[in-house]
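Taking it in order: structure first as structure tokens, then the write-up.
Readers should treat all values here as calculations from the given coordinates under stated rules, not as data from a laboratory. Note that the coordinates shown come from a computational prediction; the quantities given were computed from them, not determined experimentally. Note: ideal-geometry Cβ built from the backbone for every residue, glycine included; neighbour counts use all protein chains shown.
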Amino acid sequence: MEEKKLAIIATKGSLDWAYPPFILASTASALGYETQIFFTFYGLQLLKKKLDLKVTPLGNPGMPMPGGMEKFMPVLVTALPFMEGVMTGMMKKKMKDKGVASIEELRELCQEAEVKMIACQMTVDLFDMDRSHFIDGIEYAGAAAFFEFAGDSDICLYI
Amino acid sequence: MADFDQELDASGLNCPLPILRAKKTLSGMAAGQILHIIATDPGSVKDFDAFAKQTGNELLESKEEGGKFHFLIKKA
């Protein structure tokens, strides 16, 4: 049986959106897929050695809040300075209580499973990001390199 | 529950951890050996079925007992 391939583009840098790429990539690897993730724009935050990912209710009407608060809380309140920190703390606690892996753990599992992670060089330059802030074992490349793998992939996801 | 060679308790873990732990444990086992997995994630019932179909490892048994899910997987 020829090995199947999964190509993912990760474009988002918030705590909630960090999950899909790492969950799918680690699971695909366990199922025998060869997997690559191309991190571009805000997705590059997911490659930082020290992750500081947050989740915000601002502009996110679908986000459930404790006690169904989202139904009556004015949008303006979700913009208050403390909201992001409070919601991030609550989300992390809830995930821990429910046995959901941390992003650090999932990322490590991806690395163990030899998921290839590629940082978009253009974005690194654009935001003047320092390579020393990123985890080891990743590659730096551009769109053409992504297509070399994605063109042969069985599944290609933009997240 | 039939005989097994190794046991993995994935109780309290949520998707995709039971599958990832099972895969890791299986890779340290010999072909033909049987792994017994215990999980509490209701999603693991469908997931282990799909895992077995896609990896060629055989799902010998899948059942719920005492509020937990039990799986027997034979390594291919």
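Where a Cα-Cα gap under 17 Å defines reach, which lysines qualify for A:Lys92, not counting those fewer than 8 residues away within the same chain?
Counting by Cα, and skipping residues close in sequence, A:Lys92 has these lysines nearby: A:Lys50, A:Lys54.
Using a Gaussian network model on chain B with a 10 Å cutoff between Cα atoms, which of B:Leu20, B:Leu59, B:Leu35 fluctuates the most?
Looking only at B:Leu20, B:Leu59, B:Leu35, the largest GNM fluctuation is found for B:Leu20.
Under a 5 Å amide H to amide H cut-off, with H placed in plane at 1.01 Å, what residues pair with B:Asn57 once short-range neighbours are removed?
The list, which skips near neighbours in sequence, is B:Ala76.
In debye, nearest 20, what is the charge dipole magnitude of the stretch B:6-74 about its Cα centre with +1 on Lys and Arg Cβ and -1 on Asp and Glu Cβ, if you could check?
220
Would you calculate the convex hull of the Cα atoms in the stretch A:86-159 and tell me its volume per residue in Å³?
Given the Cα convex hull of the stretch A:86-159, per-residue volume reads 150 Å³.
Per residue of A:91-103, count partner chain C-beta atoms within 10 Å of its C-beta, then hand back the mean as an integer.
Taking the mean over all residues of the peptide, I get 2.
Can you give the calculated 222 nm mean residue ellipticity of the protein assembly as shown, where each DSSP H run of n ≥ 4 adds -39,500 (n - 2.57) and the sum is split over every residue, rounded to the nearest 500 deg cm²/dmol?
Computed ellipticity for the protein assembly as shown at 222 nm equals -10000 deg cm²/dmol.
Choose one answer from B:Ala52, B:Ala22, B:Ala30: the residue with the largest mean-square fluctuation in a GNM of chain B with alpha-carbon springs under 10 Å.
Greatest mean-square fluctuation among the candidates belongs to B:Ala30.
State the number of lysine pairs found in the stretch B:6-74 whose Cα atoms come within less than 18 Å, restricting to pairs 8 or more positions apart or on distinct chains.
Value for the stretch B:6-74: 11.
Which residue fluctuates most in the GNM of chain A (Cα springs below 10 Å): A:Ser29, A:Ser132, A:Ser14?
A:Ser132
Taking the Cβ of each residue in A:Thr27, B:Thr40 as the centre, tally the other Cβ atoms inside 10 Å and list the residues starting with the fewest.
Ranking A:Thr27, B:Thr40 by Cβ neighbours within 10 Å, fewest first, gives B:Thr40, A:Thr27.
Quick one: which residues, 5+ away or cross-chain, put their amide H under 5 Å from the amide H of A:Leu157? H built at 1.01 Å from N.
A:Ala7, A:Ile8, A:Ile9
Working out 0.36 nm times the residue gap between A:Asp136 and A:Glu70, then minus their Cα-Cα distance, what length gain in nm do you get to one decimal?
Roughly 19.8 nm would be gained on extension.
If you scale each eigenvalue of the Cα gyration tensor by 5 and take the root, what three semi-axes come out for the stretch B:6-74, rounded to whole angstrom and sorted largest first?
Its equivalent ellipsoid spans semi-axes of 17, 12, 12 Å.
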